[in-house]
């Protein structure tokens, strides 16, 4: 009888523990609780524009970034280059590139944007390809660009300093 009592007590304890974990995971923020998180530009993990990161045999450099308005939408245009440091042709996977704003929202590049001059595809061994990618973004005080290698062999993140002298709108004719 004594073993059954301890076994029952142990099972009830485990059940109570799992019930508490489940209820805690289902908890949501109340009306008077607010979730606020921002991305900080002063992180030691962010590279500056002009710095090069080697990510799985690609040397990636961010050269410039500027805003552009087109069709009532705001875009962030980033000038970047890929150097293939391997001894065989490789694919530039543009879908691995994201821009994140100060609130943590991410944007993928817009392939239909008129200032899209970096074309994905094969790049020869020791080849260099440079161009621009455009990202539809919300107004923000901070943006960062991240490239993640799809095989999980690296991540590079850059703090994007917006070139205010180069900001372009439809009225400018560009």
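The values are calculated or read from the model by the stated rules, or taken from the named source; none is laboratory data. None of the values given here were measured: they were computed from a predicted structure. When we count neighbours, we look across all protein chains shown, and the Cβ atoms used for this are built from the backbone with ideal geometry, even at glycine.
Residue 83 falls short on exactly one of the conditions (1) touching a residue at least 60 places away in the same chain (Cβ under 8 Å); (2) part of a strand (DSSP E or B); (3) within 15 Å of residue 60 (Cα to Cα), and that condition is (1). Scanning the stretch 109-124 turns up no residue that is part of a strand (DSSP E or B), modelled with pLDDT of 90 or more and touching a helix residue (DSSP H, G or I) at 6+ places or on another chain (Cβ under 8 Å).
On the basis of being modelled with pLDDT under 95, in contact with a helix residue (DSSP H, G or I) (Cβ under 6 Å, 6 or more places away or on another chain) and within 21 Å of residue 163 (Cα to Cα), does residue 75 make the cut? Taking the combined requirement at face value, the residue does not satisfy it.
Residue-wise test of (1) in a loop (DSSP other than H, G, I, E, B); (2) out of contact with any helix residue (DSSP H, G or I) (no Cβ under 7 Å at 6 or more places or on another chain); (3) crowded, with 17+ Cβ neighbours inside 10 Å; (4) modelled with pLDDT under 90.
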site	(1), (2), (3), (4)
104	yes, yes, no, no
129	no, yes, yes, no
135	no, yes, yes, no
165	no, yes, no, yes
174	yes, yes, no, yes
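In the stretch 35-56, the qualifying residues are those that are assigned to a loop (DSSP other than H, G, I, E, B) and modelled with pLDDT of 90 or more, and the one that is surrounded by the fewest Cβ atoms within 10 Å (Cβ to Cβ) is 50.
Residues are listed down the side, and each one gets a yes or a no for (1) surrounded by 17 or more Cβ atoms within 10 Å (Cβ to Cβ); (2) over 26 Å from residue 140 (Cβ atoms):
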position: 64; (1), (2): no, no
position: 76; (1), (2): yes, no
position: 85; (1), (2): no, yes
position: 99; (1), (2): yes, no
position: 122; (1), (2): no, yes
position: 125; (1), (2): no, yes
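Got a sec? Which of 135, 95 is without any contact (Cβ under 8 Å) to a residue 40 or more places away in the chain and within 15 Å of the chain's Cα centre (by Cα)? If you could, list the steps in order and put the result at the bottom.
On the way: 135 fails: without any contact (Cβ under 8 Å) to a residue 40 or more places away in the chain.
Testing whether each residue is without any contact (Cβ under 8 Å) to a residue 40 or more places away in the chain and within 15 Å of the chain's Cα centre (by Cα) leaves just 95.
Please verify whether residue 80 is crowded, with 17+ Cβ neighbours inside 10 Å, closer than 22 Å to residue 45 by Cβ, at pLDDT below 95 and out of contact with any helix residue (DSSP H, G or I) (no Cβ under 6 Å at 6 or more places or on another chain), treating the condition exactly as stated. So residue 80 fits the description; yes.
On inspection, residue 32 fails the criterion of being within 19 Å of the chain's Cα centre (by Cα), more than 24 Å from residue 136 (Cα to Cα) and modelled with pLDDT under 90.
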